[in-house]
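The structure appears below as structure tokens.
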Amino acid sequence: MDKVVIKRDGSRTPFDVGRIEQAILKAMKACKRVSEPDAKHIALAVAEELDGREQVAIDEIQALVERRLMQSYFKDVARRYIEYRHERDLERERSSRLTREIQGLVEQNNSELLNENANKDSRVIPTQRDLLAGIVARHFAKTQLLPKAVVEAHDGGFLHYHDLDYAPFFPMFNCMLVDLKGMLENGFKMGNAEIESPKSISTACSVTAQIIAQVASHIYGGTTINRIDEVLAPYVELSYQKHVATAERYKIAEAEAYAKEQCEKECYNAFQALEYEINTLHTSNGQTPFVTFGFGLGSSWQEKLIQRCILEVRRAGLGKHKKTAVFPKLVFAMKRGLNAHPEDPNYDIKRLALRCASERMYPDILNYEQVVEVTGSFKTPMGCRSFLSRHEEQGQEVHEGRNNLGVVSLNLPRLALLAKGNMDLFYKLLHGNLELAFEALMTRVDRLRHVKAKVAPILYTEGACGIRLKPEDSVFSLFENGRASVSLGYIGLNEVCNALLGHTVHVYDCEQRKALVHEIVACMSATIEKWKQQTGLGFSLYATPSENLCSRFCRIDSKDFGLIPGVTDKGYYTNSFHLDVQKKVNPFDKLDFEKTFPPLSSGGFICYGEYPNLQHNLDALEDVWDYSYDCVPYYGTNTPIDECYDCGFTGEFDCTSKGFCCPQCGNSDSARVSVTRRVCGYLGSPDARPFNDGKQQEVLRRVKHLDAEPA
Amino acid sequence: MRILQYHPVDVINGPGTRCSVFVSGCEHRCPDCFNKASWSFKKGEAYSEQIKQRILCDLGDQRIRKRGLSLSGGDPLHPRNLAAVTDLVEAVKTQYPDKDIWCWTGYRLEQLEGAQLTLLDCLDVLVDGRFEAEFKDARLCWRGSSNQRIIALSQRYANEPYSCTIADISKRQTRQTQ
């Protein structure tokens, strides 16, 4: 009876001594020591050894060949044979990883994949389709598109090539400021419809929602509308004129007062509809789009009306339970002489913004002068924290339509762990990894080099990117000369200190450590500057938010280095330059600690303070906002706004390693609670969609920067 | 007097950003008190010139500006605490006439006598009365139960929606006796 060989995937094939001989010859050729008689002899000896067996596993045959070769004069051939076998093993492993990941999605048991993004509900079909596409895109990019060194650095946890599930497989970019003004004024084509310039604020808002949905499906990061109050104000005026005309037609006595009131109602309703639309949207990326509205600098009555409507709509909440809306992120600009002080004309809007922040966490604030000083000009961040630099086109400052090409982040704590306290070695490793990161970032850039406008009409031919190209035009000119940014991110300065200098004193309390972390950031910043000169591209240094990364890097490093106190023992790494979430300092001191970093890391940043419920003490919240005005460009206040629908408790739920639960009645049923937390720059509802383990650990350890409750 | 806790930056106990002092010692022993640790007169650090100077210094901080001082506990108006509290409050009022002082006590205003009454001249707001669990309401600001009153002793807080004045109280009492 003929022997059967059982292969690794379980399939069966007839035993063939010729194939053994071929494999040995291959190894001989690689060593340049070909001897056909010897190959034949060894193959036959192996076959003889297996005589009488009905079936034999492939591993067993290979082991026999190895042993025979090692016993012969062909020890180098044996080595080559083993290496070849190892490579094949790896390759097999790689292709089966794809299968395993898909399996994890199908069986819904790969929690890392399923909870990677707090904004994706992996239980629903469209999101699963997106995740499946992501698995394949990531696999293909890693095996076919990216340089081997970059893939190894990514897999080894030296750096993180963000959003591999989208790019470089797809020629997509990260986040952008949509040129809403240009699109609304000049009209555009979307799907089957030609959209003309709107004639009222209600139409303008509904068209805005459509644009956001489209844009968000063509990029993988955040979609921001910069200065939305100023952009949409003309449509409030059009609505007003319409209502005036109606009043005149029907001979209404107080035409102006009537028109104003109708206009205010229409505006509120329009923004309420926009809020609902954005929170119910589901883009082809399988998620509610990450949308940010920047507003606050307008001073006309139309602009102020929009500011007030945005805030009042947010305060009102969504649905029956008046749940806090997670999107869009609201970013309110403060400016001296406009709204910062009681004597300023828009001070009432600032007070309303404070009230809204105390109830709904958003808005975060942009401090006008600081934004200009740190980033070169005023603009709202793209997505949650990515800032463009100043850029001119035909002598004019331009922001709208610009974008970020993506991020690669460095795992600084890992380099610090490898350096074992040796500073020279640390910097050597840093420079080596900066080179790798450059190589990685250039793959992002190069992927877009020969892309044609037709791949994303909404972005490139219909105006979202600010310039309308023809379908066959190359899009690359939109990204050159600093028009787009491309960002190097970093994570875990807090852990770097402990890894390099030991877990003895906190960086906050130690001047030497403070100097060290500044030096590291300054070093990266200088490298970026060099890349900028070298390429003419808008490289920028970005303080990585690391929603998913905070646990990924730490997990890899704890595997390789064990649990290092103050470094890998917490299960997460600290966000960029942020102060350790466990360090108890008041928000003023925290601002002082963090304020020196945004200027060094101007491609992206945000600073936070953790607060108790301040709904009764807006003046105190205002004190911190005012203090932040001269410290940092961009500030967010985290306040507890959780709600239990069972017992009516509002305030802060207990965060346990298992989830969130009402401190009053113990309720933790996600259908009967509303829990809102800051995940990265965005809010999330961790009751409905759990955070990843590292993020849950980090949230668990956050200390309030102002709780004076008695112990 | 001993001080159980001192918070140089506080936003929970009174409006604006404040310094707050939790004194030790209270005999009201309200059930469900939020700060039972403060009942004993023996806990915490003894009040001293040094502590007083630190509080004065923090109140005058130009970097983190404070609206005023909050006194809680414990009961700052307990006879055993009165001398030290008066010393602190007078020093604050002398040095910073524009900063306001809030004080929480378990006594009712009507029960106060002697030095307790004298002290009121230096306070801007007195939150009075025991904590009564049956009147507990988490939505209230600056007090735990609705039987407690936020009494504006100076003009500064006389028109707040949450405050009442001594005139309001005596008017109400006259009405009740009629």
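What follows is calculated from the coordinates using simple rules that are stated; it is not laboratory data. Because the structure is a prediction, the values reported are computed rather than measured. We place every Cβ from the backbone using ideal geometry, glycine too, and count neighbours over all the protein chains shown.
Choose one of A:Phe539, A:Thr288, A:Ala27: the residue whose Cα lies farthest towards the positive end of the charge dipole of chain A (beta-carbon charges +1 Lys, Arg; -1 Asp, Glu; about the Cα centre).
The one lying farthest along the dipole's positive direction is A:Ala27.
Report ³J(HN,Hα) in whole Hz for each residue of the stretch A:139-144, in order, from the Karplus equation J = 6.51 cos²θ - 1.76 cosθ + 1.60 where θ = phi - 60°; Gly and Pro get x.
4, 5, 4, 6, 8, 10
With a cut-off of 8 Å between alpha carbons and a minimum separation of six or more residues, what is the relative contact order of chain A in percent?
Working: 1308 pairs, mean separation 88.9, N = 711.
That works out to 13 percent.
Which shape class applies to the stretch B:1-82: rounded if a/c is under 1.5, otherwise prolate when a/b exceeds b/c and oblate if not, where a ≥ b ≥ c are the square roots of the Cα gyration tensor eigenvalues?
Working: a/c = 2.60, a/b = 1.55, b/c = 1.68.
It comes out oblate by the Cα gyration axes.
On the principal axes of its Cα set, how long, how wide and how thick is the stretch A:615-666? Give whole Å, largest value first.
Principal axes ranked by extent give 42, 26, 12 Å for the Cα atoms.
Which value, in debye to the nearest 20, gives the size of the charge dipole of the stretch A:423-464 about its Cα centre, when Lys and Arg are +1 and Asp and Glu are -1 at the Cβ? Walk me through the intermediate numbers first.
Details: 6 positive and 5 negative charges, 55 e Å.
It comes to approximately 260 debye.
Hey, what do the phi angles of the stretch B:58-69 turn into as Karplus ³J(HN,Hα) couplings, whole Hz, using 6.51/-1.76/1.60 and θ = phi - 60°, x for Gly and Pro?
Per residue, the Karplus-derived 3J(HN,Hα) values read 5, 5, x, 3, 7, 7, 9, 6, 10, 7, x, 10 Hz.
Please work out the C-alpha center-to-center distance from the stretch A:24-101 to the stretch B:80-95 and express it in whole Å.
Taking the Cα centre of the stretch B:80-95 as reference, the centre of the stretch A:24-101 is 91 Å away.
Taking chymotrypsin sites (Phe, Trp or Tyr not before Pro) that fall in a DSSP loop and have at most 14 other Cβ atoms within 10 Å as cut points, what is the longest piece of chain A between them? Walk me through the intermediate numbers first.
Values: sites that count: A:Tyr73, A:Tyr250.
Of all site-free stretches, the longest is A:251-711.
Ratio of alpha-carbon Rg to the 2.2 N^0.38 Å globular estimate for the stretch B:2-177, to two decimals, please. It would help to have the intermediate numbers written out before the result.
Values: Rg = 15.5 Å, N = 176, 2.2 N^0.38 = 15.7 Å.
Ratio of Rg to 2.2 N^0.38 Å for the stretch B:2-177: 0.99.
Based solely on its DSSP helices, what 222 nm [θ] is calculated for chain A when runs of n ≥ 4 H residues each add -39,500 (n - 2.57) and the sum is averaged over all residues, nearest 500 deg cm²/dmol?
Working: 23 runs with 327 residues, N = 711.
Roughly -15000 deg cm²/dmol at 222 nm, from the helical runs in chain A.
Starting from the coordinates of the alpha-carbon atoms of chain A, obtain the Kirkwood hydrodynamic radius over all distinct pairs and give the value in Å to one decimal. Show your work: numbers first, answer last.
Details: mean 1/r = 0.0357 Å⁻¹.
The Cα-based Kirkwood calculation yields 28.0 Å.
Rounding to the nearest 20 debye, state how big the charge dipole of the protein assembly as shown is about its Cα centre with +1 on each Lys and Arg Cβ and -1 on each Asp and Glu Cβ.
Working: 112 positive and 117 negative charges, 228 e Å.
Magnitude of the dipole: close to 1100 debye.
Could you work out the relative contact order of chain B, using alpha carbon pairs under 8 angstrom and six or more residues apart, expressed as a whole percent? Please report the intermediate quantities before stating the final value.
Values: 330 pairs, mean separation 30.8, N = 178.
Dividing the mean separation by the residue count of chain B yields 17 percent.
As I understand it, the dipole of the protein assembly as shown uses +1 on the Cβ of Lys and Arg and -1 on the Cβ of Asp and Glu, about the Cα centre. Which of A:Cys175, A:Tyr276, A:Ser377 lies farthest toward its positive end?
Towards the positive end, the residue furthest out is A:Cys175.
Under the rule of at least 5 residues apart or a separate chain, name every residue whose amide H is placed under 5 Å from the amide H of A:Ser197.
A:Gly187
Roughly what would the spin-label model give for A:Glu312 and A:Ala57, points 7 Å off Cα along C-beta, in nm?
Spacing of the two 7 Å Cα→Cβ label points: 7.4 nm.
Taking 7 Å along the Cα-to-C-beta vector as the label spot, tell me the A:Ile6-A:Leu145 distance in nanometres, rounded to one decimal.
It works out to 4.0 nm between the two label points.
For A:Phe15, which sequence-distant residues (separation of 5 or more, or a different chain) have an amide H within less than 5 Å of its own amide H, given hydrogens modelled in the peptide plane?
Answer set, sorted by chain and number: A:Lys3, A:Val4, A:Val5.
Between A:Ala671 and B:Ile169, what FRET efficiency comes out of the Förster formula 1/(1 + (r/R0)^6) with R0 = 45 Å and r the beta carbon distance, rounded to 0.05?
Values: r = 47 Å, r/R0 = 1.04.
Result of the calculation: an efficiency of 0.45.
How many Cβ atoms of partner chains, on average, are near each residue of B:3-12 if near means within 10 Å of its Cβ?
Numbers: counts 0, 2, 4, 1, 6, 2, 11, 7, 17, 13.
Mean inter-chain Cβ contacts per residue within 10 Å come to 6.
Kindly identify the stretch A:4-87 as rounded, prolate or oblate by the Cα gyration tensor criterion: order the square roots of the eigenvalues as a ≥ b ≥ c, call it rounded if a/c is under 1.5, otherwise compare a/b with b/c, prolate if a/b is larger, else oblate.
It is prolate, given that a/c is not under 1.5 and a/b is the larger ratio.
Working only with C-alpha atoms, what are the Rg and Dmax values of the stretch A:316-364, expressed in angstrom?
12.5, 39
Please list, in order along the stretch A:430-436, the HN-Hα scalar couplings obtained from phi with the Karplus expression 6.51 cos²θ - 1.76 cosθ + 1.60 (θ = phi - 60°), rounded to whole Hz, x for Gly and Pro.
Coupling constants for the stretch A:430-436: 4, 5, x, 6, 5, 4, 4 Hz.
Please check chain A for the longest run free of GluC sites (Glu not before Pro) that are loop-located per DSSP (anything but H, G, I, E, B) and have at most 14 other Cβ atoms within 10 Å.
On the way: sites that count: A:Glu54, A:Glu107, A:Glu196, A:Glu254, A:Glu343, A:Glu472, A:Glu480.
In short, A:481-711.
Step by step: find N for the stretch A:175-375, compute 2.2 N^0.38 Å, then divide the Cα radius of gyration by it. What's the final number? Don't skip to the answer; put the middle values down first.
On the way: Rg = 17.2 Å, N = 201, 2.2 N^0.38 = 16.5 Å.
This ratio for the stretch A:175-375 stands at 1.04.
Using only the Cα atoms of the stretch A:290-411, build the gyration tensor, take square roots of its eigenvalues as a ≥ b ≥ c, and label the shape rounded, prolate or oblate: rounded if a/c is under 1.5, else prolate if a/b is larger than b/c, else oblate.
Working: a/c = 2.03, a/b = 1.27, b/c = 1.60.
Oblate.
What angle do you read, to the nearest 10 degrees and between 0 and 90, between the alpha-carbon axis of helix A:255-280 and the longest principal axis of chain A?
The answer is roughly 10 degrees.
Taking the Cα centre of the stretch A:175-375 as the origin, how large is its charge dipole in debye, to the nearest 20, when only Lys and Arg (+1) and Asp and Glu (-1) carry charge on their Cβ atoms?
Values: 23 positive and 24 negative charges, 127 e Å.
Value, rounded to 20: 600 debye.
Points 7 angstrom from Cα along the Cβ direction at A:Asp626 and A:Glu369: gap in nanometres?
Reported label-point gap for A:Asp626 and A:Glu369 is 1.4 nm.
Give the percent of DSSP beta bridges with both residues in the protein assembly as shown that are antiparallel, rounded to the nearest 5.
45 percent
To the nearest 0.05, what FRET efficiency results for A:Asp569 and A:Asp424 with a Förster distance of 35 Å applied to their C-beta separation? Spell out each step's value before the answer.
Working: r = 27 Å, r/R0 = 0.76.
Between A:Asp569 and A:Asp424 the formula returns 0.85.
Would you pull out the residues with amide H under 5 Å of A:Val291's amide H, same chain only if 5 or more places away, H placed 1.01 Å from N?
A:Thr223, A:Lys329
Just to confirm the filter: which trypsin sites (Lys or Arg not before Pro) across the stretch B:8-80 are DSSP coil and have at most 11 other Cβ within 10 angstrom of their Cβ?
Values: sites: B:Arg18, B:Arg29, B:Lys36, B:Lys42, B:Lys43, B:Lys52, B:Arg54, B:Arg63, B:Arg65, B:Lys66, B:Arg67, B:Arg80; in loops: B:Arg29, B:Lys42, B:Lys43, B:Arg63, B:Arg65, B:Lys66, B:Arg67.
Passing both the DSSP loop test and the Cβ count: B:Arg29, B:Lys42, B:Arg63.
Relative contact order for the stretch A:175-375: what percent, with Cα pairs under 8 Å and sequence separation of 6 or more? Write down the numbers at each step before the final one.
Values: 318 pairs, mean separation 38.5, N = 201.
Worked out over the stretch A:175-375, it gives 19 percent.
With runs of 4+ DSSP H residues as the only contributors, calculate the mean residue ellipticity of chain B at 222 nm using -39,500 (n - 2.57) per run, divided by the residue total and rounded to the nearest 500. Before the final figure, lay out each step's value.
Numbers: 4 runs with 46 residues, N = 178.
Mean residue ellipticity at 222 nm (helix-derived): -8000 deg cm²/dmol.
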